[in-house]
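Quick notes on the structure that follows.
Nothing in this text is a laboratory measurement; each read-out follows from the coordinates by a stated rule. All of these numbers come straight from a predicted model, not from anything done at the bench. Cβ atoms come from the backbone with ideal geometry, glycine included; neighbour counts cover every protein chain shown.
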Amino acid sequence: MRNEKVDNKLNKIRQVREPYGIYMGGISIVVFPKVYPTSELSELICECMDDPNFGIRKGDRVLDYGTGTGFLAVQAALRGATVVATDINPYAVKCAQENAHLHSVSSRITIREGDGFSPLRSDEKFDIIVAELPWDCAHAEDVVELSMYDPEFHMRKILFKNALEVLQPHGRIFMTYARFIQQRYPIEQFGESFIYRVVRERVIKGEPHYAYLINPAPAINLRTASTES
């Protein structure tokens with residue numbers, strides 16, 4: 001369903017003609033035209049990255065699913081991870097490449113253009129997937145609108161259908177979600193083989209937002225481990 005707030009945000013994105021900089025999560029990044037700008041919501045994922053119990057450890061492999069500006073990919077790389085970042089928007093891919101270069105982490109980040117998990121190699125496995133997905137389910141006219149609308153929940157369905165295949169047995173997902181979206185489309189409905197836990201919460205522009213830690217259910221972990229052995 002189309003959302004007035006979302007459409008207003010998209011109109012602002014379309015008005016951008018030149019790259020501009022923003023400061024978020026302790027770093028400066030550049031935002032290219034036709035790219036969704038990193039928001040305060042991304043800082044919740046950064047807090048997850050730093051958690052001593054389930055955060056990033058040096059040498060972890062991270063998938064940034066829908067990288068946008070590349071902000072989360074850069075943050076993960078700065079923490080010692082090796083990152084694969086994907087996006088369907090070619091303008092976002094170029095933007096992410098620029099931000100990786102600006103922070104001297106290009107050697108730690110592989111950025112690929114494509115839909116869903118199609119840019120991934122069949123043998124790639126990850127310790128962590130970070131995902132900030134489009135807000136609502138509605139038709140998208142172009143790649144710019146795909147940053148905020150997820151037709152038929154395409155990105156969510158692909159993520160939860162394929163996550164078990166690409167996650168290590170101890171792997172986990174960091175994902176943000178607004179409360180008003182959770183009330184309409186509970187994230188749990190997209191994947192029954194996972195355990196969902198809210199680990200961070202922040203009120204942004206008057207609306208509560210959550211960061212979820214999502215783990216494969218124990219039975220799934222055991223089955224995956226026995227299959228690999």
Report the label-to-label distance for ARG17 and ARG197 in nanometres (one decimal), using points 7 Å from each Cα along the Cα→Cβ vector.
-> 5.1
Which whole-number percent is the relative contact order of the chain (Cα, under 8 Å, 6+ apart)?
-> 17
Length gained, GLN189-ILE27, 0.36 nm per residue minus C-alpha separation, equals 54.8 nm
If you wrap a convex hull around the Cα atoms of the chain, how much volume per residue is inside, in Å³?
-> 118
Summing -39500 (n - 2.57) over every DSSP H run of at least 4 residues in the chain and dividing by its residue count gives a helix-only mean residue ellipticity at 222 nm, to the nearest 500 deg cm²/dmol, of -9000 deg cm²/dmol
If R0 = 30 Å, then SER106 and CYS137, at their Cβ-Cβ distance, give a FRET efficiency to the nearest 0.05 of 0.30
Check cross-link reach from LYS157 to the aspartates and glutamates: straight Cα distance under 17 Å, and skip same-chain residues fewer than eight apart.
-> ASP64, ASP87, ASP115, GLU132, ASP136, GLU165, GLU188, GLU192
Using R₀ = 22 Å, calculate the FRET efficiency as 1/(1 + (r/R₀)^6) where r is the Cβ-Cβ separation of LYS5 and GLU152; round to 0.05.
-> 0.55
